[in-house]
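Asker: A single structure is presented below for examination.
The values are calculated or read from the model by the stated rules, or taken from the named source; none is laboratory data. As the structure is a prediction and not an experimental result, all values here were calculated from the model. Methodologically, a virtual Cβ is constructed for each residue, glycine included, from the backbone with ideal geometry; neighbour enumeration extends over all protein chains shown. What goes into the accessible areas is simple: the full protein's heavy atoms, side chains included, and nothing from ligands, DNA or RNA. Shrake-Rupley method; radii C 1.70, N 1.55, O 1.52, S 1.80 Å.
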Amino acid sequence: MRVVVTGMGIISPIGNDIRTYWKNLVGGVCGITKIEDPLYDELPSKVWGLVKDFNPDEFGIEPAMARKQDKFALYAIAAAKQAVDQSGIVSGENVDPSRFGVYFGSGIGGFETIRRDSVKMENDGPKWVSPHFVPTMIPNIAAGHIAIRNNAQGPCFSISTACATGTHCIGEAYRAIKHGYADVIITGGAEAPCVPMSVAAFGNMKALTKETDPLRASLPFNVDRGGFVLAEGAGALVLESYNHAVKRGATILAEVCGFGSTCDAYHVTAPRPDGSTQAAAVKAALKEAGYCGRRDVLHINSHGTGTPLNDSSETNAFHIALGRNAGKAIINSTKSMTGHMLGAAGAAEAIAAILALREGVVPPTIGLDRQDPVCDLNYTPLKAVKAPLTIAVSDSLGFGGHNSCVAFRKVE
């Protein structure tokens, strides 16, 4: 069964709607900012990618819910509402509620909620821990809220594979529809990790950049790269069976045509250096998508975090997966602009890949003025490029060795 995308929504450091997000991606706008609060002077990293001008009311989120819920869930609800509104899907009207599902994840869940109530427990005692603590911080609660608000009574899953979460959710939602378990699924990922404890934790494991200039902080594939930039947000897509979408007259944005998933089985945080297991995920997605190096013009939205090990191993993976066609792929890293949205990254980047495919434009990898010789592929430095793309993939890697890749084609 064919599976298509009929809606998309985004909350990100460079825009809280699809139009703004795409305009800023193509324009090379950097959404990374300095951490200005003097209380945070001792943090090991001085920059992050914050969502700006987020108003829950604009997305139909009630004031009481906005006060009680962790930001990651609010971002998820907002992104999902955009995607559902664009798709025109309405439970009970043009989709059977029992065939309407949600596959939406988070790598961490309510980080700020965990921090806040831990402080209450330590300082004030157990009776001051919120009775809402558990259903606010658990990573699956975003999926639960999305299902409740959209009366989606079909399969509901929350996959958590660190930074590969969003891509895994999309891929597994694709498989669920393809094999007949649902007609429509809201899928994606959300994260809100920009709190001091998170910056301290990632920084102390030497994963974050120490650069203080936002424009030089996230440098994927650059010889000067020194770590990733922590960021927040959410991305959501509505996936639907092709026949269901055509029957109700939906606008089809792209076809999901391939998915690959592997594990490095190597190290809890470092990727497998030779890229072999990562390459297997990319090859699986491309094979299912019917990729042909002689005919297809391929775009890859890379994981591209700006950490020394990630960028070199991912380059190795692309060489292995594509062979002699590796040099023809038009690759980029949108994390150069957004920072790393962790569990939301795969969904935000899948949306970017779909938009690139539809518009025939690949956004740049900004800051790539000194490309590392070991990262020797076309990473679209500095400026967007036009290209007659026929296939686009989004590649994600996560702590624990999780690898995932999803492929898209246009539907004419």
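Asker: Tell me the GluC sites (Glu not before Pro) within the range 1-70 that lie in a loop according to DSSP and have at most 16 other beta-carbon atoms within 10 Å.
Answerer: The qualifying sites are GLU36, GLU42.
Asker: Turning to a different aspect of this structure: Taking H placed 1.01 Å from N in the peptide plane, check which residues at least 5 places from GLY105 or on another chain put their amide H under 5 Å from its amide H.
Answerer: HN-HN under 5 Å from GLY105: ILE159, GLY188, GLY189, ALA190.
Asker: What is the local net charge at LYS34, summed over the other residues whose Cβ is closer than 11 Å to its Cβ (Lys, Arg +1; Asp, Glu -1)?
Answerer: -3
Asker: Quick check: net charge around VAL385, other residues with Cβ under 15 Å of its Cβ, Lys/Arg +1 and Asp/Glu -1?
Answerer: Residues near VAL385 contribute +2 overall.
Asker: Now, a different point. State in Å² the accessible area per residue of the range 26-78; use a 1.4 Å probe, count heavy atoms of protein chains only, and round to the nearest integer.
Answerer: About 53 Å² of surface per residue is accessible.
Asker: Compute the signed sum of charges (Lys and Arg +1, Asp and Glu -1) over the other residues within less than 10 Å, Cβ to Cβ, of PRO44.
Answerer: Charge balance in the 10 Å sphere: +2.
Asker: Amide H of GLY110: which non-local residues (sequence gap of 5 or more, or other chain) have their own amide H closer than 5 Å, using H built in the peptide plane?
Answerer: ILE138
Asker: Given a 1.4 Å probe and every protein chain left where it sits, what share in percent of the accessible area of the chain is carbon and sulfur?
Answerer: The computed percentage sits at 54.
Asker: Scan around CYS257 for amide H atoms under 5 Å from its own, H built in the peptide plane at 1.01 Å from N, and keep only partners 5 or more places away or cross-chain.
Answerer: HN-HN under 5 Å from CYS257: ALA407, PHE408, ARG409.
Asker: In addition: Rg and Dmax of the chain over Cα atoms: what are they, in angstrom?
Answerer: 19.8, 66
Asker: As a test of the formula, what do you get for the chain when each DSSP H run with n ≥ 4 contributes -39,500 (n - 2.57) and the sum is divided by the residue count, at 222 nm and rounded to the nearest 500 deg cm²/dmol?
Answerer: -10000 deg cm²/dmol
Asker: While we're here: Of PRO97, PRO126, PRO364, which has the largest mean-square fluctuation in a 10 Å C-alpha GNM of the chain?
Answerer: Comparing PRO97, PRO126, PRO364 in a Gaussian network model of the chain, the most mobile one is PRO126.
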